[in-house]
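The values are calculated or read from the model by the stated rules, or taken from the named source; none is laboratory data. These numbers come from a predicted model, not from an experiment. Because the Cβ atoms are built from the backbone with ideal geometry, glycine has one as well, and the counts that use them run over all protein chains shown. Ligands, DNA and RNA are excluded from the accessible area calculation, which covers all protein heavy atoms including side chains. Shrake-Rupley method; radii C 1.70, N 1.55, O 1.52, S 1.80 Å.
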Amino acid sequence: MTDLPPPPPPPRAGTERLTEVGKAFLGLPPGAGAKVVELADGAGVCVVQTGRGGGKVYVAPDRTVLFVPSAMDFDTGLAAFLAGARTPARGSAGRS
């Protein structure tokens with residue numbers, strides 16, 4: 001008998017909704033590749049678009065977002081997000 005790894009913990013309340021906000025901001029179609037990182041202390045989630053030309057969207061519990069390009073490392077983006085930086089609410093068409 002092979003021991004199986006334990007199942008992942010269930011997502012915290014609201015995590016799935018925040019993930020959907022991030023995916024929608026990135027313009028990802030359903031089922032598109034993305035990695036989701038839960039941020040510490042209930043600060044929200046980071047949705048990481050995989051593949052060339054991707055980026056990261058940090059989503060706060062109030063559904064405001066910070067988009068950072070893939071060239072910016074996770075910790076730098078997180079520090080800006082936690083300091084209150086946000087992307088104006090005009091959708092993904094406004095980012096370049």
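Please count how many residues of the stretch 15-39 are surrounded by fewer than 12 Cβ atoms within 10 Å (Cβ to Cβ) and modelled with pLDDT under 85. Of the residues in that region, 4 qualify. The condition (being part of a loop (DSSP other than H, G, I, E, B), modelled with pLDDT of 90 or more, open to solvent by 30 Å² or more (accessible area, probe 1.4 Å) and of a type in the set (D, E, K, R)) is satisfied by just one residue among 12, 86: 86. Give the residues of the stretch 40-79 that are open to solvent by 10 Å² or more (accessible area, probe 1.4 Å), among the hydrophobic types (A, V, I, L, M, F, W, C) and outside any strand (DSSP E or B), sorted by residue number. If the condition is that a residue be open to solvent by 10 Å² or more (accessible area, probe 1.4 Å), among the hydrophobic types (A, V, I, L, M, F, W, C) and outside any strand (DSSP E or B), then 40, 43, 71, 72, 74, 78, 79 are the ones that fit.
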